[in-house]
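Q: Here it is, the structure in full.
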Amino acid sequence: MTFLNVTAFLAAEAAPAASKPLAQPGAPAAAAGPLESIANLFAEFGVNWHHLSIQLVNFAILAFVLYRFAIKPALGQMEERNRLIEKGLADAQAATQRLADAQKAADAKLNAASDEAAKILADARNAAKAAVEAAKAEATAAQTEVIAKAKAAIEADRVKMLAEVRGEVSRLVVETAAKVLEQNLDDAQRGRLNEAAVKQLAR
């Protein structure tokens, strides 16, 4: 049984009892059922069942209207807002996760680029060092070759000059010896004097 049915039943039961006059004090009490006793009790407090039932019906209609047009839409809006809030929080969490993933990817790319740059720099330094070493080796070889050629040229010039000096000294010795001896020397004597002069110069 619904609340409205119970209210209508109580109103119907209480209406005849409310229309009866109250029992006079000292008069014998008539036999009454439990509902009639409750109705008499409320009647003693001045409750009018007809007005009460109308007010209950009005309250039920007002509660239905409020629930149908105010509370239910408000609850729907609250549920929709909660759904939107949950969706926004999920989207924010997903965006945060995507941002963290993008940051990790960017850090990984940056580290890879840094490692690649360091490797290229090390390779360039090694290549430059090797080029410098090769240039030094070439310069040293060229310098050694130039020094060797210079030494050979100097030695050749020294030998040539020494030979020229020896020849000139031999000629001077022979001429001097011829003048000293005041005689012309033959070829054999000139040869012996030249050999003697060369041996003296070679000492």
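The values are calculated or read from the model by the stated rules, or taken from the named source; none is laboratory data. Remember, it's a predicted structure, so these values are computed and weren't measured experimentally. So basically every Cβ, Gly included, is an ideal-geometry build from the backbone, and we count neighbours across all protein chains shown.
Q: Go through Ala142, Ala113, Ala163 for me and flag whichever is at pLDDT 90 or above, aliphatic (A, V, I, L, M), out of contact with any helix residue (DSSP H, G or I) (no Cβ under 8 Å at 6 or more places or on another chain) and assigned to a helix (DSSP H, G or I). Steps first, please.
A: Working: Ala142 fails: at pLDDT 90 or above; Ala163 fails: at pLDDT 90 or above.
Every option except Ala113 fails the conditions.
Q: For a quick check of your reading of the model, give me the residue pairs whose first member lies in the stretch 51-74 and is in the same structural domain as Ala39 (by TED's automatic domain parsing) and at pLDDT 90 or above, whose second is part of a helix (DSSP H, G or I) and among the β-branched types (Val, Ile, Thr), with beta-carbon atoms closer than 6 Å and at least 6 apart or on different chains.
A: Between residues of the stretch 51-74 that are in the same structural domain as Ala39 (by TED's automatic domain parsing) and at pLDDT 90 or above and residues that are part of a helix (DSSP H, G or I) and among the β-branched types (Val, Ile, Thr), the close pairs are Leu56/Thr7.
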